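Notes follow once the structure below has been shown.
The values are calculated or read from the model by the stated rules, or taken from the named source; none is laboratory data. None of these values were measured; they are calculated from a predicted model. Please note: Cβ atoms are built from the backbone with ideal geometry, for glycine as well, and neighbour counts cover all protein chains shown. Note: accessible area is taken over every heavy atom of the protein model, side chains too, but ligands, DNA and RNA are not part of it. Shrake-Rupley method; radii C 1.70, N 1.55, O 1.52, S 1.80 Å.
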Amino acid sequence: MLGGSRRVSLADLFKESGRRAGIKVEIVAYELTRHVPIALAGKVVEGLKWSDPEVIADIARVVKENDVDIILPFVNGAVEVASKCKEQIPGVFVPVSDFSITSRIFDKVEAAKVFKDNGFPIPRTYSIINNEMPAIVKPRKGGSSRGISIFHDVEDLMHLENLDSYIIQEYIENAKEYTVDCYVDAKGGILVTVPRERIEVMGGEVNRTKTCRIERIIEMSREVIRKMGLTGCITLQFLHDPKDDRFLLMELNPRLGGGVICSIYAGAPITDYILSEAQGKELAPCDDWKENVLMARYMEEAIFYE
């Protein structure tokens with residue numbers, strides 16, 4: 001796990017998938033500090049920052065020393081690193097899209113251009129001098145909902161420092177947000193797409209979410225996957241505009257999202273897929289997942305003693 005940090009319950013689901021398949025799954029987490037909750041589920045290795053030029057070589061060392069078979073990224077900064085590991089570390093299964101794709105989508109301005117060029121519906125994107133109020137302003141890079149502001153007045157917007165480092169888009173009143181958890185095999189076969197409503201979010205991480213079978217979102221997700229040539233673990237985010245009944249693509253994260261737990265409990269065998277594909281097994285698509293499965297999260301502590 002690259003940046004597994006808090007993904008204890010997901011680590012447990014991987015172990016359960018392994019038990020069903022008759023194999024033992026062990027977790028190795030590559031983190032900046034050993035004092036992270038994933039230590040409850042496996043071994044933590046202190047590593048380098050994702051921006052460090054030696055990070056790929058260091059991960060290769062950890063892979064060799066710990067006999068690692070699968071690499072999975074869990075934070076945005078680790079996705080491009082994982083894509084490079086896919087190219088540079090032989091013998092390891094890395095279910096992420098190619099670097100040519102992942103390197104283009106973590107700048108929100110560039111991602112909006114990619115989405116628009118592919119014909120995907122997105123919120124209207126404004127320039128600094130050509131915009132409409134109200135508008136939502138997000139940092140071009142970064143995640144977890146940090147630094148997002150809503151502006152109702154152009155003059156207030158113009159007082160924001162470093163405007164070039166933000167994306168400005170239309171703000172949609174009473175919008176609902178949806179996440180779609182997807183898994184695509186290495187040949188491009190779309191195995192599962194599960195939409196779920198983001199009911200409550202805390203610190204950018206979904207706290208309450210419920211699966212929902214909305215065919216429009218499912219088909220839009222499949223179109224995004226096909227047109228962009230995505231593979232592996234995919235998390236898409238859509239916005240629904242209730243006024244005009246529009247579904248708009250917000251974000252594309254080529255990794256597992258934190259709320260994927262809900263989709264797995266609804267019947268999407270994503271952890272099974274990852275372990276099976278790593279072993280070269282044939283995978284069958286899944287469409288019989290249950291809708292209206294609600295996940296509500298709670299906090300649990302990991303205590304470290306010297």
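General observations
- Choice from Val154, Val81, Val36 showing the highest fluctuation, given a GNM over the chain with Cα pairs closer than 10 Å: Val154
- The range 46-189, accessible surface, carbon-and-sulfur percent (1.4 angstrom probe): 47
- Within the shell defined by Cβ-Cβ distances under 14 Å, the residues around Lys281 carry a net charge of -3, with Lys and Arg each +1 and Asp and Glu each -1.
- Charge tally in the Cβ shell below 11 Å around His35, where Lys, Arg are +1 and Asp, Glu are -1, His35 excluded: -2
- Descending principal axes extents, the range 24-128, alpha-carbon based, whole Å: 48, 30, 29
- Among Lys64, Lys113, Lys84, residue whose mean-square fluctuation peaks in a GNM of the chain (springs only between Cα atoms under 10 Å): Lys64
- Counting 0.36 nm for each residue step from Val114 to Ser100 and taking away their Cα separation leaves a gain of 3.8 nm.
- Remark: the Cα gyration tensor places the range 210-306 in the oblate category, a/c being 1.5 or greater and a/b not exceeding b/c.
- Percent of alpha-carbon pairs separated by more than 19 Å within the range 1-78: 32
- Heavy-atom SASA rank of His35, His152 (probe 1.4 Å, accessible area, largest first): His152, His35
- Using the Cα coordinates of the chain, the gyration tensor eigenvalues translate into equivalent-ellipsoid semi-axes of 32, 23, 19 Å, sorted from longest to shortest.
- Solvent-accessible area of Val201, all protein chains in place: 60 Å² (probe radius 1.4 Å, heavy atoms, ligands and nucleic acids excluded).
- For the chain, a Gaussian network of Cα nodes joined below 10 Å ranks Ile101, Ile38, Ile234 by mean-square fluctuation, and the top entry is Ile101.
- Look at the alpha carbon pairs under 8 Å that are at least 6 residues apart: their mean separation over the length of the chain gives a relative contact order of 16 percent.
- Here's the list of aspartates and glutamates a cross-link from Lys116 could span, going by alpha-carbon distance under 20 Å and ignoring same-chain residues fewer than 8 apart: Asp107, Glu132, Asp164, Glu170, Glu177, Glu219, Glu223, Asp241, Asp244, Asp245, Glu251.
- Computed on protein heavy atoms with a 1.4 Å probe, the accessible areas place Arg213, Arg6 in the order Arg6, Arg213, largest first.
- Placing Glu177, Glu197 in order of accessible area, with the largest value first and a 1.4 Å probe, yields Glu177, Glu197.
- Computed accessible area, Leu13, all protein chains, 1.4 angstrom probe, square angstrom: 30
- Shape category assigned to the range 76-174 from the gyration tensor of Cα positions, a/c cut at 1.5: prolate
- Solvent exposure of Phe106, expressed as accessible area, is near 40 Å², computed with a probe of 1.4 Å over the protein chains only.
- Helix-only [θ]222 nm of the chain, DSSP H runs n ≥ 4, -39500 (n - 2.57) each, per residue, nearest 500: -8000 deg cm²/dmol
- Placing one equal scatterer on every Cα of the range 184-259 and applying the Debye formula, the log10 ratio I(q)/I(0) at q = 0.16, 0.18, 0.24 Å⁻¹ is -0.61, -0.77, -1.27.
- Size descriptor, Kirkwood hydrodynamic radius, that averages inverse alpha-carbon separations across the range 133-239, Å: 15.8
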